[in-house]
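To start, the structure itself, in structure tokens.
The values are calculated or read from the model by the stated rules, or taken from the named source; none is laboratory data. What you are looking at is a predicted structure, and each value in this text was computed from that prediction instead of being measured. Ideal geometry is used to build each Cβ from the backbone, glycine not excepted, and the neighbour counts take in all protein chains shown.
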Amino acid sequence: MQQETSEIKEIIQEDIWGSIKEFLNMGIHLGEGEKSIHLTIGLLLLLGVAFVITKFLLKWLRHLLTRKMEREDKQKFSSVFKFANYVIYLLVVLVTLSAAGIDITLIITASAALFVGLGLALQELFQDILGGIFIIIDKSLQVGDIVEVDGKVGKVFEIKLRTTRAITRDDKVVVIPNHKFISDIVFNYTQNHRTTMESVRVGVAYGSDVDLVTNILLEVASEQKLVLQKPAPFVLFDDFGDSALLFSLNFFTNDSFAGLRIKSKIRYDIDTKFRENNVTIPFPQRDVHIIGQQKPQ
């Protein structure tokens, strides 16, 4: 029994496994010693298996990272994952070439120099893509948000991986690089909720009835359709100006994108109400005293 077992082992090791090794070692063999190069069937099979495993792992990783995202957001990541696939496949090829005995030092050096050059040239592009990834993942910006960037107010209608597009109050489309949202100060009017507070300032002449002015301003606010009554509008006596008593009418609205039109309508109504109640809006006045020079006698 022991002899038969040893004979079976020898057959497996020498005949079957030996044939498999001989088949796997078939290919191109160049040189000898440390500088030899071997491109064999086994190496090609290993490369194929590595590609299959890599593809499976990347697919699983993509599903893991995007499983909680909406379909539209998942599609935005397609270009990022394609780029990652190319980089990882390139690394797999380099490792395989190194296993074959090919010196890849020169290839790595050239690739490093190339990637450094590309990184410097496309630095802002990479910043935009990273900014887009952060925006999509942490939901710091969403379609419908009203933002102010570089003094421009716009309503976001499209978020891409590299840029965000918003329409301004004068119906112009502004394209915002995504790195602005991670490097600059950006005001998001609707980040926490849709309600925002706006204000209209007005000055009245000294001697005016301040209680009457306050009531008129509150009455004007109550007549506006886009002004919320809860929270209620309120009036502040801001300051004693050079030529006027300064007041501000503060109100809340769910449509801050239409803030300019709301404020304009309020100003029209304030002017009408002030005229009806004989409240004067003064204009700056200056007294100029000219001192004449006496002519020498």
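Values for this structure:
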{"item": "Qualifying residues in the range 210-251 (those that are touching a residue at least 40 places away in the same chain (Cβ under 8 Å) and in a loop (DSSP other than H, G, I, E, B)) - the one surrounded by the most Cβ atoms within 10 Å (Cβ to Cβ)", "result": "Ala244"}
{"item": "Where Pro282 falls short, out of the listed (1) touching a Lys or Arg at 6+ places or on another chain (Cβ under 9 Å); (2) surrounded by 15 or more Cβ atoms within 10 Å (Cβ to Cβ); (3) not hydroxyl-bearing (Ser, Thr, Tyr)", "result": "(1)"}
{"item": "Test: residue in the range 187-203 that is in a strand (DSSP E or B), β-branched (Val, Ile, Thr), loosely packed, with under 15 Cβ neighbours inside 10 Å and out of contact with any Pro (no Cβ under 7 Å at 6 or more places or on another chain)", "result": "no"}
{"item": "Candidates Asp128, Asp211, Asp170, Asp145, filtered to the one that is within 11 Å of the chain's Cα centre (by Cα) and either of a type outside the set (S, T, N, Q) or at pLDDT below 80 (or both)", "result": "Asp128"}
{"item": "Residues of the range 150-167 satisfying the condition of being farther than 15 Å from Asn188 by Cβ and in contact with a helix residue (DSSP H, G or I) (Cβ under 8 Å, 6 or more places away or on another chain)", "result": "Lys160, Leu161, Arg162, Thr163"}
